[in-house]
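One structure is given here, and the rest of the page talks about it.
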Amino acid sequence: MSGDDITIRTDIRPGDIGDLIALHGTAYFEDVGFDTSFEAYVAAGVGEFFISFDPDNDRVWIVERDGRFAGSIALKGRTGGEAQLRYFLLDSSVRGQGLGRRLMDELLAFARSRGYSRIYLLTDEEHTPAAVHLYLSYGFRRTGEERLRRWGTSEAEQRYEMEL
């Protein structure tokens, strides 16, 4: 969109954590019908992520559009050379502009610079086909699936992994 000022930053500012949770809650309700228990689940995970945040091994990228929160992606270092991709979501107003690829490029460069050997992510079967297509285009492959009843719906949680 012309006139939009889109920026990506890695510093965490007051309000970012709440904005990240709120975007997940509203987007997943609108896109796939998850209820508020999903937002609570995200809030718990985001709280853990930032309480244990280690800037040497973890990173979050914040997308802003005209100075307002518009998306994120994060990497959490795990044990054994593994890292988890988390909180990858863009507001519908900034989708389709190549930001997903830019965020993935930055995340993978950071992961490689930290010596991670594998990245994994968990998503649901209802996740947008564009996101799954993006994961596959970067070399992620689906390695597992579990059917669950949660967040007011029945869904399949899928695991994707990528060797670096």
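Residues to consider are ALA70, ALA27; find the one that is touching a strand residue (DSSP E or B) at 6+ places or on another chain (Cβ under 7 Å), assigned to a helix (DSSP H, G or I) and either touching a residue at least 40 places away in the same chain (Cβ under 8 Å) or within 26 Å of LEU108 (Cβ to Cβ) (or both).
ALA27
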Count of residues meeting criterion [open to solvent by less than 60 Å² (accessible area, probe 1.4 Å) and either over 10 Å from the mean Cα position of the chain (by Cα) or not hydroxyl-bearing (Ser, Thr, Tyr) (or both)] in the range 68-108: 27
Check on ALA156, of a type in the set (A, V, I, L, M), modelled with pLDDT under 85 and open to solvent by 40 Å² or more (accessible area, probe 1.4 Å): no
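For (1) modelled with pLDDT under 90; (2) acidic (Asp, Glu), each residue gets a yes or a no:
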residue: THR7; (1), (2): no, no
residue: ASP16; (1), (2): no, yes
residue: TYR28; (1), (2): yes, no
residue: ASP31; (1), (2): yes, yes
residue: TRP61; (1), (2): no, no
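Based on what the data block shows, is PHE49 surrounded by 15 or more Cβ atoms within 10 Å (Cβ to Cβ), touching a Gly at 6+ places or on another chain (Cβ under 9 Å) and without any contact (Cβ under 8 Å) to a residue 60 or more places away in the chain?
It is false that PHE49 is surrounded by 15 or more Cβ atoms within 10 Å (Cβ to Cβ), touching a Gly at 6+ places or on another chain (Cβ under 9 Å) and without any contact (Cβ under 8 Å) to a residue 60 or more places away in the chain.
The values are calculated or read from the model by the stated rules, or taken from the named source; none is laboratory data. Values in this document were obtained by computation on a predicted structure and should not be read as measured data. Cβ coordinates were reconstructed from backbone atoms using ideal geometry, including for glycine residues, and neighbour counts include every protein chain displayed. We work out accessible area using only protein heavy atoms, side chains counted, and drop any ligands, DNA or RNA first. Shrake-Rupley method; radii C 1.70, N 1.55, O 1.52, S 1.80 Å.
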